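The values are calculated or read from the model by the stated rules, or taken from the named source; none is laboratory data. Model, not experiment: these values are computed from the prediction. Using ideal geometry, Cβ is built from the backbone for each residue, glycine included, and neighbour counts are taken over all protein chains shown.
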(Lines give C-alpha, C1' and ligand atoms only; values in the text may rest on other atoms or scores of the structure.)
Protein backbone atom coordinates (compact mmCIF):
# COMPACT_ATOMS: atom_id res chain seq x y z
CA UNK A 1 0.00 0.00 0.00
CA UNK A 2 1.13 3.51 -0.78
CA UNK A 3 2.71 5.62 1.92
CA UNK A 4 0.51 8.35 3.41
CA UNK A 5 3.13 10.73 4.79
CA UNK A 6 2.10 14.32 4.26
CA UNK A 7 -1.36 13.35 3.03
CA UNK A 8 -4.65 14.50 4.45
CA UNK A 9 -7.49 12.21 5.45
CA UNK A 10 -11.11 12.68 6.41
CA UNK A 11 -12.00 12.11 10.04
CA UNK A 12 -14.94 12.80 12.33
CA UNK A 13 -13.59 15.32 14.84
CA UNK A 14 -15.38 16.27 18.03
CA UNK A 15 -14.27 19.49 19.78
CA UNK A 16 -16.68 19.35 22.73
CA UNK A 17 -19.57 17.21 24.01
CA UNK A 18 -23.07 17.76 22.70
CA UNK A 19 -25.68 16.50 20.28
CA UNK A 20 -24.98 14.65 17.03
CA UNK A 21 -24.11 17.94 15.34
CA UNK A 22 -20.80 18.16 17.25
CA UNK A 23 -19.48 15.35 15.04
CA UNK A 24 -17.75 17.19 12.18
CA UNK A 25 -16.12 15.57 9.14
CA UNK A 26 -12.84 17.39 8.48
CA UNK A 27 -9.59 16.97 6.62
CA UNK A 28 -6.74 16.34 9.05
CA UNK A 29 -3.17 15.06 8.65
CA UNK A 30 -2.87 11.30 8.26
CA UNK A 31 -1.02 9.94 11.32
CA UNK A 32 2.50 8.60 10.87
CA UNK A 33 3.66 5.19 12.05
CA UNK A 34 5.87 4.98 15.12
CA UNK A 35 7.27 2.17 17.25
CA UNK A 36 4.46 0.10 18.71
CA UNK A 37 1.77 1.69 16.54
CA UNK A 38 0.35 0.58 13.18
CA UNK A 39 -1.45 2.63 10.53
CA UNK A 40 -4.71 1.04 9.41
CA UNK A 41 -6.87 2.02 6.45
CA UNK A 42 -10.33 1.94 8.04
CA UNK A 43 -12.87 0.24 5.81
CA UNK A 44 -15.74 0.41 8.28
CA UNK A 45 -16.81 0.53 11.90
CA UNK A 46 -19.84 -0.19 14.03
CA UNK A 47 -21.53 2.39 16.22
CA UNK A 48 -21.72 1.74 19.95
CA UNK A 49 -23.70 3.16 22.84
CA UNK A 50 -20.49 3.98 24.69
CA UNK A 51 -19.56 6.39 21.87
CA UNK A 52 -22.97 8.01 22.26
CA UNK A 53 -22.29 8.49 25.96
CA UNK A 54 -18.82 9.93 25.27
CA UNK A 55 -20.33 12.31 22.74
CA UNK A 56 -22.87 13.42 25.34
CA UNK A 57 -20.10 14.18 27.84
CA UNK A 58 -20.31 11.15 30.13
CA UNK A 59 -16.63 10.15 29.73
CA UNK A 60 -14.85 12.71 31.92
CA UNK A 61 -11.33 11.51 31.11
CA UNK A 62 -11.69 12.18 27.37
CA UNK A 63 -9.76 15.21 26.11
CA UNK A 64 -10.78 17.18 23.03
CA UNK A 65 -10.49 17.43 20.11
CA UNK A 66 -11.03 13.69 19.73
CA UNK A 67 -11.92 11.20 17.00
CA UNK A 68 -14.40 8.72 18.49
CA UNK A 69 -14.70 5.02 17.72
CA UNK A 70 -14.00 2.06 20.01
CA UNK A 71 -13.75 -0.39 17.09
CA UNK A 72 -12.94 -0.63 13.40
CA UNK A 73 -12.01 -3.07 10.65
CA UNK A 74 -9.66 -2.49 7.76
CA UNK A 75 -6.25 -3.20 6.26
CA UNK A 76 -2.74 -2.55 7.49
CA UNK A 77 -1.05 0.26 5.57
CA UNK A 78 2.26 0.41 7.41
CA UNK A 79 3.68 -1.21 10.53
CA UNK A 80 6.98 -1.97 12.22
CA UNK A 81 5.50 -5.17 13.64
CA UNK A 82 6.50 -8.14 11.42
CA UNK A 83 3.18 -9.93 12.04
CA UNK A 84 1.28 -6.97 10.56
CA UNK A 85 2.32 -6.92 6.91
CA UNK A 86 0.77 -4.31 4.61
CA UNK A 87 -2.58 -5.53 3.32
CA UNK A 88 -3.32 -7.70 6.36
CA UNK A 89 -7.02 -7.64 7.26
CA UNK A 90 -7.43 -6.58 10.89
CA UNK A 91 -10.01 -5.66 13.49
CA UNK A 92 -9.48 -3.50 16.56
CA UNK A 93 -11.65 -3.24 19.65
CA UNK A 94 -11.52 -1.14 22.84
CA UNK A 95 -8.17 -0.53 24.53
CA UNK A 96 -9.08 3.18 25.01
CA UNK A 97 -9.70 3.73 21.29
CA UNK A 98 -11.62 6.93 20.80
CA UNK A 99 -11.00 7.96 24.38
CA UNK A 100 -7.32 8.10 25.30
CA UNK A 101 -6.30 8.29 21.61
CA UNK A 102 -8.13 8.78 18.33
CA UNK A 103 -10.35 5.90 17.25
CA UNK A 104 -12.04 4.46 14.19
CA UNK A 105 -14.25 7.33 12.94
CA UNK A 106 -11.78 8.16 10.17
CA UNK A 107 -10.28 7.01 6.88
CA UNK A 108 -7.08 5.98 8.69
CA UNK A 109 -6.37 5.11 12.32
CA UNK A 110 -3.05 4.84 14.13
CA UNK A 111 -3.54 2.01 16.60
CA UNK A 112 -1.38 0.11 19.12
CA UNK A 113 0.11 -3.06 17.65
CA UNK A 114 -1.18 -5.20 20.51
CA UNK A 115 -4.74 -4.01 19.88
CA UNK A 116 -4.92 -5.35 16.32
CA UNK A 117 -6.44 -8.74 15.54
CA UNK A 118 -5.44 -10.24 12.17
CA UNK A 119 -8.46 -12.02 10.68
CA UNK A 120 -8.86 -14.32 7.66
CA UNK A 121 -12.14 -13.48 5.97
CA UNK A 122 -13.82 -12.68 2.68
CA UNK A 123 -16.93 -11.21 4.28
CA UNK A 124 -18.10 -7.85 2.86
CA UNK A 125 -16.81 -4.91 4.86
CA UNK A 126 -20.26 -3.92 6.14
CA UNK A 127 -20.82 -7.43 7.53
CA UNK A 128 -17.33 -7.69 9.03
CA UNK A 129 -17.62 -4.22 10.58
CA UNK A 130 -20.77 -5.31 12.43
CA UNK A 131 -19.05 -8.14 14.28
CA UNK A 132 -16.03 -7.30 16.50
CA UNK A 133 -17.35 -5.33 19.49
CA UNK A 134 -20.86 -6.75 19.29
CA UNK A 135 -20.09 -10.44 18.97
CA UNK A 136 -17.02 -10.45 21.20
CA UNK A 137 -19.04 -8.80 23.96
CA UNK A 138 -21.85 -11.34 23.54
CA UNK A 139 -19.33 -14.19 23.41
CA UNK A 140 -17.58 -13.05 26.58
CA UNK A 141 -20.88 -12.53 28.38
CA UNK A 142 -22.00 -16.08 27.67
CA UNK A 143 -18.62 -17.37 28.82
CA UNK A 144 -18.85 -15.68 32.23
CA UNK A 145 -22.34 -17.09 32.75
CA UNK A 146 -20.60 -20.41 33.26
CA UNK A 147 -21.08 -23.90 31.84
CA UNK A 148 -24.36 -23.94 29.94
CA UNK A 149 -26.18 -27.03 28.70
CA UNK A 150 -28.56 -27.52 25.77
CA UNK A 151 -32.16 -27.02 26.86
CA UNK A 152 -31.37 -24.50 29.57
CA UNK A 153 -33.05 -21.10 29.34
CA UNK A 154 -31.44 -17.71 28.72
CA UNK A 155 -33.32 -14.43 29.10
CA UNK A 156 -31.78 -11.52 27.18
CA UNK A 157 -32.98 -8.14 28.43
CA UNK A 158 -32.48 -5.50 25.75
CA UNK A 159 -32.68 -8.08 22.99
CA UNK A 160 -32.87 -5.70 20.03
CA UNK A 161 -29.49 -4.17 20.84
CA UNK A 162 -26.68 -5.42 18.61
CA UNK A 163 -25.13 -7.32 21.54
CA UNK A 164 -28.50 -8.81 22.44
CA UNK A 165 -29.09 -10.09 18.92
CA UNK A 166 -25.56 -11.50 18.74
CA UNK A 167 -26.13 -13.28 22.08
CA UNK A 168 -29.33 -14.85 20.70
CA UNK A 169 -27.45 -16.17 17.69
CA UNK A 170 -24.64 -17.59 19.82
CA UNK A 171 -27.08 -19.09 22.34
CA UNK A 172 -29.12 -20.83 19.65
CA UNK A 173 -25.97 -22.50 18.32
CA UNK A 174 -25.24 -23.73 21.87
CA UNK A 175 -28.72 -25.25 22.19
CA UNK A 176 -30.10 -22.80 24.74
CA UNK A 177 -33.77 -21.86 24.80
CA UNK A 178 -33.87 -18.08 24.48
CA UNK A 179 -36.30 -15.40 25.65
CA UNK A 180 -35.68 -11.84 24.47
CA UNK A 181 -37.27 -8.59 25.61
CA UNK A 182 -38.09 -5.49 23.59
CA UNK A 183 -40.08 -2.38 24.37
CA UNK A 184 -41.35 -2.14 20.78
CA UNK A 185 -43.79 -4.70 19.43
CA UNK A 186 -42.70 -3.94 15.86
CA UNK A 187 -39.27 -5.40 16.64
CA UNK A 188 -40.57 -8.86 17.60
CA UNK A 189 -40.00 -10.29 14.12
CA UNK A 190 -36.38 -9.07 14.12
CA UNK A 191 -35.74 -10.87 17.39
CA UNK A 192 -37.28 -14.09 16.13
CA UNK A 193 -35.09 -13.88 13.02
CA UNK A 194 -32.04 -13.32 15.23
CA UNK A 195 -32.73 -16.56 17.11
CA UNK A 196 -35.17 -15.82 19.93
CA UNK A 197 -37.44 -18.75 20.75
CA UNK A 198 -39.77 -16.45 22.69
CA UNK A 199 -40.20 -12.66 22.75
CA UNK A 200 -41.61 -10.65 25.64
CA UNK A 201 -42.74 -7.08 25.04
CA UNK A 202 -41.48 -5.09 28.02
CA UNK A 203 -44.16 -2.72 29.26
CA UNK A 204 -42.38 -2.15 32.56
CA UNK A 205 -42.98 -5.49 34.30
CA UNK A 206 -41.95 -8.67 32.50
CA UNK A 207 -42.20 -11.11 35.42
CA UNK A 208 -45.64 -12.53 34.61
CA UNK A 209 -44.84 -13.08 30.92
CA UNK A 210 -41.48 -14.71 31.69
CA UNK A 211 -42.94 -16.93 34.44
CA UNK A 212 -45.65 -18.05 32.01
CA UNK A 213 -42.84 -19.45 29.83
CA UNK A 214 -40.55 -20.71 32.62
CA UNK A 215 -42.41 -20.95 35.95
CA UNK A 216 -39.23 -21.35 37.99
CA UNK A 217 -37.45 -18.57 36.11
CA UNK A 218 -34.74 -18.72 33.42
CA UNK A 219 -31.46 -20.43 34.24
CA UNK A 220 -29.52 -17.38 33.07
CA UNK A 221 -30.19 -13.70 32.50
CA UNK A 222 -28.04 -11.48 30.29
CA UNK A 223 -28.99 -7.96 31.37
CA UNK A 224 -28.07 -5.37 28.76
CA UNK A 225 -30.36 -2.68 30.13
CA UNK A 226 -28.25 -2.26 33.23
CA UNK A 227 -28.67 -0.61 36.61
CA UNK A 228 -32.46 -0.02 36.56
CA UNK A 229 -33.28 -3.69 35.85
CA UNK A 230 -30.52 -5.75 37.42
CA UNK A 231 -32.27 -6.14 40.81
CA UNK A 232 -35.43 -7.27 39.01
CA UNK A 233 -33.32 -9.74 37.01
CA UNK A 234 -31.92 -11.17 40.25
CA UNK A 235 -35.46 -11.78 41.50
CA UNK A 236 -36.54 -13.27 38.18
CA UNK A 237 -33.73 -15.74 37.52
CA UNK A 238 -34.14 -19.32 38.77
CA UNK A 239 -32.82 -19.94 42.28
CA UNK A 240 -29.13 -20.73 41.92
CA UNK A 241 -29.04 -19.19 38.44
CA UNK A 242 -26.72 -16.48 37.16
CA UNK A 243 -27.30 -12.89 36.08
CA UNK A 244 -24.65 -11.21 33.94
CA UNK A 245 -24.80 -7.43 33.71
CA UNK A 246 -23.04 -6.36 30.55
CA UNK A 247 -24.81 -3.41 28.95
CA UNK A 248 -26.02 -0.02 30.04
CA UNK A 249 -28.68 0.68 27.43
CA UNK A 250 -30.49 2.68 30.09
CA UNK A 251 -27.59 5.12 30.37
CA UNK A 252 -27.59 4.54 34.13
CA UNK A 253 -24.35 3.41 35.76
CA UNK A 254 -25.31 2.98 39.43
CA UNK A 255 -27.86 0.79 41.23
CA UNK A 256 -29.29 3.11 43.91
CA UNK A 257 -29.46 1.80 47.48
CA UNK A 258 -28.10 -1.59 46.47
CA UNK A 259 -28.18 -4.05 49.37
CA UNK A 260 -26.53 -7.31 48.23
CA UNK A 261 -27.74 -9.52 51.09
CA UNK A 262 -31.34 -8.40 50.68
CA UNK A 263 -31.38 -8.18 46.90
CA UNK A 264 -29.42 -11.26 45.80
CA UNK A 265 -31.38 -14.45 46.59
CA UNK A 266 -29.38 -17.16 48.35
CA UNK A 267 -27.36 -19.19 45.87
CA UNK A 268 -28.06 -16.84 42.96
CA UNK A 269 -24.99 -15.41 41.26
CA UNK A 270 -24.38 -11.91 39.91
CA UNK A 271 -21.51 -11.30 37.54
CA UNK A 272 -20.48 -8.78 34.89
CA UNK A 273 -18.52 -8.64 31.67
CA UNK A 274 -16.40 -5.79 30.37
CA UNK A 275 -15.64 -5.83 26.66
CA UNK A 276 -12.17 -4.43 27.29
CA UNK A 277 -11.30 -7.96 28.48
CA UNK A 278 -11.41 -9.24 24.87
CA UNK A 279 -9.25 -6.58 23.23
CA UNK A 280 -6.29 -7.55 21.05
CA UNK A 281 -5.01 -11.11 21.07
CA UNK A 282 -7.36 -12.03 23.94
CA UNK A 283 -10.23 -11.93 21.47
CA UNK A 284 -8.39 -13.20 18.40
CA UNK A 285 -9.42 -16.86 18.45
CA UNK A 286 -13.02 -16.07 19.31
CA UNK A 287 -13.33 -13.43 16.58
CA UNK A 288 -12.00 -15.82 13.95
CA UNK A 289 -14.56 -18.42 15.04
CA UNK A 290 -17.30 -15.80 14.89
CA UNK A 291 -16.28 -14.61 11.42
CA UNK A 292 -16.13 -18.19 10.17
CA UNK A 293 -19.53 -18.89 11.73
CA UNK A 294 -21.08 -15.90 9.97
CA UNK A 295 -19.56 -17.03 6.68
CA UNK A 296 -21.16 -20.48 7.13
CA UNK A 297 -24.52 -18.97 8.08
CA UNK A 298 -24.37 -20.28 11.65
CA UNK A 299 -24.43 -16.77 13.13
CA UNK A 300 -26.34 -13.71 11.89
CA UNK A 301 -24.46 -10.42 11.37
CA UNK A 302 -27.62 -8.47 12.31
CA UNK A 303 -26.76 -5.38 10.25
CA UNK A 304 -29.64 -2.94 10.70
CA UNK A 305 -28.47 -0.04 8.53
CA UNK A 306 -25.32 1.16 6.78
CA UNK A 307 -24.25 4.82 6.63
CA UNK A 308 -21.30 6.58 4.99
CA UNK A 309 -18.70 8.59 6.90
CA UNK A 310 -20.17 11.86 5.65
CA UNK A 311 -23.49 10.84 7.20
CA UNK A 312 -22.13 10.34 10.72
CA UNK A 313 -24.52 12.91 12.22
CA UNK A 314 -27.51 11.07 10.76
CA UNK A 315 -26.07 7.76 11.98
CA UNK A 316 -25.73 9.02 15.57
CA UNK A 317 -29.20 10.56 15.43
CA UNK A 318 -30.59 7.20 14.31
CA UNK A 319 -28.77 5.35 17.09
CA UNK A 320 -29.80 7.85 19.76
CA UNK A 321 -33.46 7.52 18.75
CA UNK A 322 -33.28 3.75 19.42
CA UNK A 323 -34.56 3.02 15.93
CA UNK A 324 -32.16 0.16 15.20
CA UNK A 325 -32.78 -3.54 15.64
CA UNK A 326 -29.21 -4.75 15.39
CA UNK A 327 -25.96 -3.07 14.42
CA UNK A 328 -25.53 0.32 12.79
CA UNK A 329 -22.46 0.35 10.55
CA UNK A 330 -20.51 3.17 8.89
CA UNK A 331 -18.39 2.56 5.79
CA UNK A 332 -15.68 4.62 4.15
CA UNK A 333 -16.03 5.04 0.40
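Annotations
Residues checked against (1) touching a strand residue (DSSP E or B) at 6+ places or on another chain (Cβ under 8 Å); (2) closer than 27 Å to residue 11 by Cβ:
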position: 78; (1), (2): yes, yes
position: 83; (1), (2): yes, yes
position: 106; (1), (2): yes, yes
position: 110; (1), (2): yes, yes
position: 114; (1), (2): no, yes
position: 121; (1), (2): yes, yes
position: 159; (1), (2): yes, no
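- Residue satisfying all of: in segment 57-79; farther than 19 Å from residue 29 by Cα and outside any strand (DSSP E or B); nearest to the chain's Cα centre (by Cα) among these: 70
- For residue 289, the criteria (1) more than 22 Å from residue 14 (Cβ to Cβ); (2) free of Cβ contacts under 8 Å to residues at least 24 places away in the same chain; (3) more than 19 Å from the chain's Cα centre (by Cα) hold in every case but one, which is (3).
- Scanning segment 110-139 for residues that are within 11 Å of the chain's Cα centre (by Cα) and farther than 24 Å from residue 33 by Cβ yields 130, 131, 133, 134, 135, 136, 137, 138, 139.
- Taken across segment 305-315, residues that are farther than 22 Å from residue 111 by Cα and either at pLDDT below 95 or not assigned by TED's automatic domain parsing to the domain that holds residue 89 (or both) do not occur at all.
- Residue within segment 60-76 that is modelled with pLDDT under 95, surrounded by 13 or more Cβ atoms within 10 Å (Cβ to Cβ) and more than 27 Å from residue 121 (Cβ to Cβ) present: yes
- Total residues in segment 311-333, condition closer than 18 Å to residue 19 by Cα, surrounded by fewer than 19 Cβ atoms within 10 Å (Cβ to Cβ) and in contact with a strand residue (DSSP E or B) (Cβ under 6 Å, 6 or more places away or on another chain): 1
- Single condition residue 69 does not satisfy, out of (1) closer than 23 Å to residue 323 by Cβ; (2) touching a helix residue (DSSP H, G or I) at 6+ places or on another chain (Cβ under 6 Å): (2)
- Residues in segment 236-268 that are free of Cβ contacts under 8 Å to residues at least 60 places away in the same chain and assigned to a strand (DSSP E or B): 243, 245.
- The residues of segment 1-31 that are part of a loop (DSSP other than H, G, I, E, B) and either under 26 Å from the mean Cα position of the chain (by Cα) or at pLDDT 95 or above (or both), listed by number, are 15, 16, 17, 18, 19, 30, 31.
- The set of residues in segment 29-51 that are out of contact with any helix residue (DSSP H, G or I) (no Cβ under 7 Å at 6 or more places or on another chain) and closer than 20 Å to residue 71 by Cα comprises 30, 31, 32, 33, 39, 40, 41, 42, 49, 50, 51.
- Test: residue in segment 270-281 that is over 15 Å from the mean Cα position of the chain (by Cα), closer than 30 Å to residue 149 by Cβ and in a helix (DSSP H, G or I): yes
- Qualifying residues in segment 207-235 (those that are part of a loop (DSSP other than H, G, I, E, B) and at pLDDT 95 or above) - the one surrounded by the most Cβ atoms within 10 Å (Cβ to Cβ): 218
- Selection count, segment 3-25, where residues are under 24 Å from residue 305 (Cβ atoms) and surrounded by 12 or more Cβ atoms within 10 Å (Cβ to Cβ): 12
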